[in-house]
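Worksheet for the structure shown next.
The values are calculated or read from the model by the stated rules, or taken from the named source; none is laboratory data. All values reported here derive from a predicted model rather than from experimental measurement. So basically every Cβ, Gly included, is an ideal-geometry build from the backbone, and we count neighbours across all protein chains shown. SASA here: full protein model, heavy atoms, side chains in, ligands and nucleic acids out. Shrake-Rupley method; radii C 1.70, N 1.55, O 1.52, S 1.80 Å.
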Amino acid sequence: EVSISKISYFVSEFFPPTTIEDDDDGSRPDKKLRLDWVYGFRGRDVKQNLVVLPSSGELVYFVAAVVVLYDRKFSSQKHYLGHSEEVT
């Protein structure tokens with residue numbers, strides 16, 4: 001007989017840093033992250049996640065909260081980052 005128990009995937013724990021550097025004033029860093037490329041495709045649990053734009057031939061799909069426009073001709077991506085929630 002096999003016993004199956006519920007597994008919780010969401011853990012909401014926060015661990016504050018154990019050390020703080022002397023020169024850390026707590027302000028935000030002056031650097032910004034930039035999204036260069038999105039890897040992956042969400043097709044497992046959604047329908048119509050891939051659309052070809054007739055005007056440009058670009059592929060449009062979404063991964064998490066990012067909408068990707070992929071240009072097959074130039075092998076480049078544009079990213080729409082305006083969503084605050086996962087796109088479904």
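Structure notes:
- Total lysine pairs in the chain at Cα distances under 29 Å, for residues eight or more apart or on different chains: 5.
- For Leu50, the accessible surface of its heavy atoms amounts to roughly 90 Å² (probe 1.4 Å, protein chains only, rounded to the nearest 10).
- Given the choices [x] 20, 18, 9; [y] 84, 5, 4; [z] 34, 27, 10, semi-axes √(5λ) of the Cα gyration tensor in Å derived from the coordinates of this structure is entry [z].
- Highest-MSF residue in the chain out of Gly26, Gly43, Gly57 [GNM, Cα springs under 10 Å]: Gly26
- Against the criterion of solvent-accessible heavy-atom surface with a 1.4 angstrom probe, Phe14, Phe74 sort, most first, into Phe14, Phe74.
- Largest accessible area first, the listed residues Tyr39, Tyr80, Tyr61, Tyr70 line up as Tyr39, Tyr80, Tyr70, Tyr61 when surface is computed with a 1.4 Å probe on the assembled protein chains.
- Based on protein heavy atoms only, the chain ends up with 98 Å² per residue of surface accessible to a 1.4 Å probe.
- Overall, the accessible surface of the chain at a probe of 1.4 angstrom is composed of carbon and sulfur to the extent of 55 percent.
- Paramagnetic label zone (point 7 Å from Cα along Cα-to-C-beta, Val38; backbone N under 12 Å) in the range 51-79: 51, 59-71, 77-79
- The Ile20 and Val51 beta-carbon pair, evaluated with R₀ = 35 Å, returns a calculated FRET efficiency of approximately 0.15.
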